[in-house]
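We did not get these values from a lab; they are worked out from the coordinates using the rules stated. Remember, it's a predicted structure, so these values are computed and weren't measured experimentally. Cβ placement follows ideal geometry from the backbone for every residue including glycine, while neighbour counts extend to all protein chains displayed.
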Amino acid sequence: MILNGLGYVGQRLYLFPEFYEKLPVERLLGEGVTAADLNDDALGRTLDAIYAYGPTELFNDIALKVMSQLDLGVQRLHADTTSFSVQGDYEGPSGRNAIEITLGHSKDGRMDLKQFVLGLVTNQDGIPLFAKAHSGNASDKNTIMESFLKIKSGLHLDDAAYYIADSAVYSEKNIRQLGTETLWITRVPATLNECKQLIDSDIGMVECQDQRYKCFSTTSNYGDITQKWVVYQSEPMQARMEKTFEKRLEKEDRQAEKDLAKLRRREFACEADAIKEAELWISKLPLYRFKDLSVKSVVKKVEKKRGRPKNGEKLIEVHLIEAEIELDYDKVLKEKSKLGRFILASNDLNIDPDTILSYYKGQQEVERGFRFLKDKSFRVAEVYLKKEERIEALAMIMVLTLMIYSIAEWLIRKRMRETGETVPNQLKKPTQKPTFKWIAFLFMGVAEVTVWINGETHLKIANLNDNLVRIIRLLGKDCEKYYGLEG
C-alpha cells in the first residue's frame, strides 16, 4: 500500500493489484509474492488488522523505532489538523471506539460531503511523528491539544523542543495545561480583546532580521501563565490585506449610501432627536464622517390624504435629516497602517522575536504534509471503503507513506550536504535539495528485464545512469540490494 501511495500514478488504492502487474513484485516484496496476491481481500484484511492493533498505537511504535535508528533531531514539533471529504452515507461506526464519518467544518470546502479529521504532528523537517484520525466534527482546540499531550508522553523528546501550533490551540484551558515546563509557540487569536487592543495600538515597531517584517515585544499573563507576546507586521500580508480592504470599502460605501437614504426619510419629533439619531448612525461607520449635516422642519397633515391641507385641518411639524457623508481619510490611512499585524506568543521569555517568527513559519512543514496526503495519488474521496474502521486504518497508511517520503527526502539531502553530491533539477541545474517526488520521477524509466545468456535466464536492472546510481549509493546498502549494486 505504501509503495502504491508513492507511485504517483493517480490510481485508487483499491485497484492496487493492477499497480503491481508491471512491477518486479518478488524483487520488492519477496520470493513467491505475485501481483495477484495483492488483491482487495488482502487490502481489507490488512486494514482490519491495523484497526485491531490500533492505528495510532501502531504508528507511534513505528515512529519510536525510526527515531531510535535515525538522528532526526526534534527541535520543534508542529501540530495541525485537516479534513478529508469522502463519498458514501456512513450511517455510523460498527466498532465501539471507531471514528464517526459525519458532517463538520470542511477545510476542503465540501460542506455537502461527510468527512473525517486527521491530526498530524511533524518535526522541523516535516517528518510525521504522531498521527490520529478523528470524527468529522472534531474541534481543533481539542484534537491539537490531545496530539501534544500524547506525543509528550509517548516519545522521548528533548525538554528544549518547542510545541508549535496555530491559534486554534490558544485558550486559557490549553495554556494552563501546557504550563511552564513545556515550551510552546502559538499564534494568538485575533478575537481576544487583549489581542485586538494591542494590534490597534500605536506602538513603536522595529525591523526584524527578515526585512519584510517589523515587530514589537511585550508580555502577557493570559491564562495565568506569564508569556512573551510579539506583535509582527508582515509587508507581504499587508499588501494582500490592502486589496481586500479596498474592496470592502467599495462595498461599505454602496451600503452606507443606501442606509443614509433611509435615514433621510425618517421623521423625528424634534431637532434634538434627529441629531441624536444621526450621531448614533454615523458611530456605526468608524471610517466615515458627515460632510454636511442639518435638520429641516416640515409641516404635514396628520391624516395621510392627497392634496393641500384644508382651512382648519390639523397639521404637525416633523424634522428630517439632511446629510452627506465622506470617508475620513485620516482614519482610513491609520487603519491601513495596521493591516498585516498578528501576534505570536511563547512561554519562553528569553526567546528573541526573530527566532519565534522563524520557528512559527515552520508550520508550513505540516501544511506541506497535508498537501502530500491530499495528492491525487491517494484519491481518498474515491476509495469508497464501507467501514469507518478501515478508513481510520487507511489514514494511518497515508501518514506512514508521508513518513517514508519525508525521511527519504531528508536523508538524500543530508547525505548530499555531507558528500557534496548533486543531482540535476528540472532546469538541468545541480541541486542538493531535490524533492523526493522529483527523485521518483527520475527513476520512472528504470525496469527489471529478463536476459538470456547462453541459455540461462538472468534478471537485470535496465536504464540506470550515473545520476541514479549516485542516488542509490546515497540511500545506503539496503537500497543498493534492490538494484543489484551490492558490489
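If Lys and Arg each add +1 and Asp and Glu each add -1, what is the summed charge of the other residues whose beta carbon sits under 14 Å from the beta carbon of E21? Spelling it out: positives minus negatives among the neighbours equals -3. Using the Karplus relation 6.51 cos²θ - 1.76 cosθ + 1.60 with θ = phi - 60°, the per-residue 3J(HN,Hα) values for segment 229-238 come to 10, 10, 7, 10, 10, 9, 4, x, 5, 4 Hz, with x marking Gly and Pro. Think of the chain as a dipole: +1 on every Lys or Arg Cβ, -1 on every Asp or Glu Cβ, centred on the Cα centre; then among P24, T191, W452, T191 lies furthest on the positive end.
In the set (i) 1.37; (ii) 0.98; (iii) 1.30, which value of Cα Rg over 2.2 N^0.38 Å was calculated from the structure you see? Label (i) holds the value from this structure.
For T431, nonlocal amide neighbours, meaning residues 5 or more places apart or on other chains whose placed amide H falls under 5 Å from its own, are V423, N425.
Each residue in L28, L400, L280 was given a count of other beta-carbon atoms within 10 angstrom of its own, and listing them fewest first yields L280, L28, L400. Here's how it looks for W184: its modeled amide H is under 5 Å from those of Y163, N347, D348, which are all 5 or more places away or on a different chain.
Here the calculated FRET efficiency for E324 and E242, from their Cβ-Cβ distance with R0 = 35 Å, stands at 0.85, rounded to the nearest 0.05.
Charges were assigned to the Cβ only: +1 to each Lys and Arg, -1 to each Asp and Glu. The resulting dipole of the chain about its Cα centre is roughly 1960 debye.
In a DSSP loop and with at most 14 other Cβ atoms within 10 Å, the GluC sites (Glu not before Pro) in segment 382-487 are E486.
Backbone geometry of segment 287-298 corresponds, through the Karplus equation with coefficients 6.51, -1.76 and 1.60 at θ = phi - 60°, to 3J(HN,Hα) couplings of 9, 10, 9, 6, 7, 9, 9, 8, 10, 10, 9, 9 Hz, x marking Gly and Pro.
Under a Cβ-Cβ cut-off of 13 Å, what is the net charge of the residues other than C479 that fall near it, where Lys and Arg count +1 and Asp and Glu count -1?
So the environment of C479 carries a net charge of +3.
For segment 168-287, the relative contact order is 16 percent, taking Cα pairs closer than 8 Å that sit 6 or more residues apart in sequence and dividing their mean separation by the residue count.
With the charge dipole of the chain set up from +1 on Lys and Arg Cβ and -1 on Asp and Glu Cβ about the Cα centre, the Cα lying farthest toward the positive end among the listed residues I404, C215, Y51 is that of C215. Given the pairs K141/K374; K132/K196; K386/K460; K214/K374; K141/K414; K107/K386, which span a C-alpha to C-alpha distance of over 31 angstrom in this model? Result: K132/K196; K386/K460; K214/K374; K141/K414 exceed 31 Å. Computed on the chain, with alpha-carbon pairs under 8 angstrom and 6+ residues apart, the relative contact order is 19 percent.
Straight-distance candidates among the aspartates and glutamates for linking to K291, with alpha-carbon spacing under 15 Å and chain neighbours fewer than 8 residues away dropped: D253, E257, E279, E322, E324, E326, D328, D330.
Counting other C-beta atoms within 10 Å, which of M67, M403 has the fewest, and how do the rest follow?
M67, M403
Note on K336 and D253: their simple-model spin labels are 1.2 nm apart, each label 7 Å out from Cα toward Cβ.
Kindly state, to the nearest 0.05, the FRET efficiency for L149 paired with K196, given R0 = 22 Å and r defined as their beta-carbon distance. Intermediate results must be reported in sequence, preceding the final value.
Details: r = 30 Å, r/R0 = 1.35.
Here the calculated transfer efficiency is 0.15.
In segment 428-458, which chymotrypsin sites (Phe, Trp or Tyr not before Pro) are in a loop and have at most 16 other Cβ atoms within 10 Å, using DSSP for the loop call? Numbers along the way, then the final one.
Working: sites: F436, W438, F441, F443, W452; in loops: F443.
Hits after loop and neighbour filter: F443.
Counting only C-alpha contacts under 8 Å and six or more residues apart, can you give the relative contact order of segment 413-482 as a whole percent?
On the way: 56 pairs, mean separation 13.8, N = 70.
Worked out over segment 413-482, it gives 20 percent.
Rounded if a/c is under 1.5, else prolate if a/b beats b/c, else oblate: with a ≥ b ≥ c from the C-alpha gyration tensor eigenvalues square-rooted, which is segment 194-260? Don't jump to the answer; show the numbers that get you there.
Numbers: a/c = 3.62, a/b = 1.70, b/c = 2.13.
Here segment 194-260 falls in the oblate category.
In this simple spin-label model, placing a label point 7 Å from the Cα along the Cα-to-Cβ direction at both D37 and Q87 gives a separation of 3.1 nm. Amide H contacts under 5 Å for D80: L120, restricted to partners 5 or more places along the chain or on a different chain, H placed in the peptide plane at 1.01 Å from N. As a calculated quantity, the FRET efficiency between N465 and R212 at R0 = 30 Å, using C-beta atoms, amounts to about 0.15.
Computed over the chain, the per-residue total of -39500 (n - 2.57) for DSSP H runs of n ≥ 4 gives a 222 nm mean residue ellipticity of -12500 deg cm²/dmol, rounded to 500.
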